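First up is the structure itself, then whatever we jot down about it.
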Amino acid sequence: MGGPEFLCGIIGHPLSHSLSPFLHTWAFARAGWPGVYLSWPVPPGHAEDFMRAVRLLRIHGVSVTIPHKEAAASLLDRVSPRARAAGAVNTLYRDENHGLCGENTDIHGFLAPLRRRAPARRALVLGAGGAARAVLAGLKEWGAASIGIANRNGGKARTLAGEFAVEAVEWERRAAWGADMLINATPLGMSGGEIEATPFPAEAFRGSGLAYDLVYNPLETRFLREAGIAGWEVQDGLDMFVEQGLEQFRLWTGQCLPEDCRSEVRALLLKELARREREPER
Ligand code: NAP
């Protein structure tokens, strides 16, 4: 009949803003791979029920997002060293020898734009949620010499600092810490929320450095704009999003899409984001 042979999808709650269905549906078509990608909104506390369904229905691959990234790890046959390092799983895939496996491709995505750079001397993570876990694991893998974490709720920063053996920095002292790399792992600056907010005061960008925003809508946040004006290099969050998704695609299909597909999908995602801004309820 020629219908799809592999069932993949995303679990999380809420899922209405996720771009993963768009990205993977595009990737499956681009590669001519016979898969279908669906959205499964699974409320908090129901990851275990969902995992039973994954095994029963032979679901081939799953993207995992908030609030299930941490719970998923304990429900799998094998968890990769990276996902273990992050304490969070964002991808389920099947392996002939190991069964249902968990990976964290956010670390791969975060590191992708940094590959050709020398590790930061002092990297400060702003935010202490799920994404900050992947960032901290990535910074350690990359070899950043000194790593700090600051969060509005200081208790959460101290917990993650203890878990990852990095320095907890008071939120009020983040500007004085002397970072040469700042990573925004909060939603500040995001469209639909506090778009004109920033996690770092403009006047505190001193010397040179790299500002890396995990937010990708808009592509140029206030944080990146002010960093650029101060002479810092900037990195938006869209490359991370694309790379974490293409790594999921590789785990599910065994295929790598050609290098030139990155600019193609980046352009398509930007168009899709603009469409969603114009037609929010579709
Ligand atoms: P999360 O688990 O909800 O954590 C959000 C963090 O932001 C918390 O530490 C929170 O601090 C902080 N925060 C929220 N509002 C704040 C405010 N008004 N002022 C100061 N801090 C505030 O979210 P997440 O999953 O870590 O995601 C964080 C961001 O990264 C989101 O924008 C998400 O879209 C983005 N992200 C991007 C990618 C990518 O591929 N580019 C991947 C993952 C996530 P409290 O603890 O004090 O509440």
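Any idea which residue in the range 1-48 is surrounded by the fewest Cβ atoms within 10 Å (Cβ to Cβ), counting only those that are of a type in the set (G, A, S) and within 15 Å of T91 (Cα to Cα)? Ranking the qualifying residues of the range 1-48, first place goes to S39.
Scanning the range 222-256 for residues that are aliphatic (A, V, I, L, M) and within 12 Å of the ligand (Cβ to nearest atom) turns up L238, M240, V242, L246.
Under the condition of being assigned to a loop (DSSP other than H, G, I, E, B) and more than 16 Å from the ligand (Cβ to nearest atom), which residue from the range 49-75 is most open to solvent (accessible area, probe 1.4 Å)?
Filtering first and then ranking leaves R58.
Considered as a group, the residues in the range 213-225 that are outside any loop (DSSP other than H, G, I, E, B) and in contact with a Phe, Trp or Tyr (Cβ under 8 Å, 6 or more places away or on another chain) include one that is nearest to L114 (Cα to Cα), and that residue is D213. Each residue in the range 134-167 was checked for being within 15 Å of the ligand (Cβ to nearest atom) and surrounded by fewer than 19 Cβ atoms within 10 Å (Cβ to Cβ), and 8 pass.
Within the range 265-282, the set of residues being in contact with a Phe, Trp or Tyr (Cβ under 9 Å, 6 or more places away or on another chain) and of a type in the set (D, E) comprises E272 only. Taking the range 123-145 on its own, how many of its residues are outside any helix (DSSP H, G or I) and of a type in the set (G, A, S)? Residues meeting the conditions: 7.
Tally time: how many residues in the range 205-222 are touching a helix residue (DSSP H, G or I) at 6+ places or on another chain (Cβ under 7 Å) and within 13 Å of L124 (Cα to Cα)?
3
So for the range 96-105 (the condition being within 13 Å of the ligand (Cβ to nearest atom), under 25 Å from R266 (Cα atoms) and not in a strand (DSSP E or B)), does at least one residue qualify? Give the derivation first.
Residues of the range 96-105 within 13 Å of the ligand (Cβ to nearest atom): 104-105.
Checking the rest, the ones that are also under 25 Å from R266 (Cα atoms) come to 104-105.
Right, trim to not in a strand (DSSP E or B) and you get 104-105.
So far as the range 96-105 goes, yes, one or more of its residues are within 13 Å of the ligand (Cβ to nearest atom), under 25 Å from R266 (Cα atoms) and not in a strand (DSSP E or B).
With respect to R78, determine if the residue is open to solvent by 60 Å² or more (accessible area, probe 1.4 Å) and either at pLDDT 95 or above or more than 18 Å from L7 (Cβ to Cβ) (or both).
Working: open to solvent by 60 Å² or more (accessible area, probe 1.4 Å): yes; either at pLDDT 95 or above or more than 18 Å from L7 (Cβ to Cβ) (or both): yes.
Yes; evaluated as a whole, the condition is true for this residue.
From the list G178, G192, pick out the single residue that is more than 19 Å from V242 (Cα to Cα), more than 15 Å from the ligand (Cβ to nearest atom) and either open to solvent by 10 Å² or more (accessible area, probe 1.4 Å) or outside any loop (DSSP other than H, G, I, E, B) (or both). Being more than 19 Å from V242 (Cα to Cα), more than 15 Å from the ligand (Cβ to nearest atom) and either open to solvent by 10 Å² or more (accessible area, probe 1.4 Å) or outside any loop (DSSP other than H, G, I, E, B) (or both) holds for just one of G178, G192, which is G178.
The values are calculated or read from the model by the stated rules, or taken from the named source; none is laboratory data. Keep in mind the model is a prediction, meaning the values are calculated, not measured. No Cβ is skipped: glycine too gets one built from the backbone with ideal geometry, and neighbour counts run over all protein chains shown. Calculation scope for accessible area: heavy atoms of the full protein, side chains included, ligands and nucleic acids excluded. Shrake-Rupley method; radii C 1.70, N 1.55, O 1.52, S 1.80 Å.
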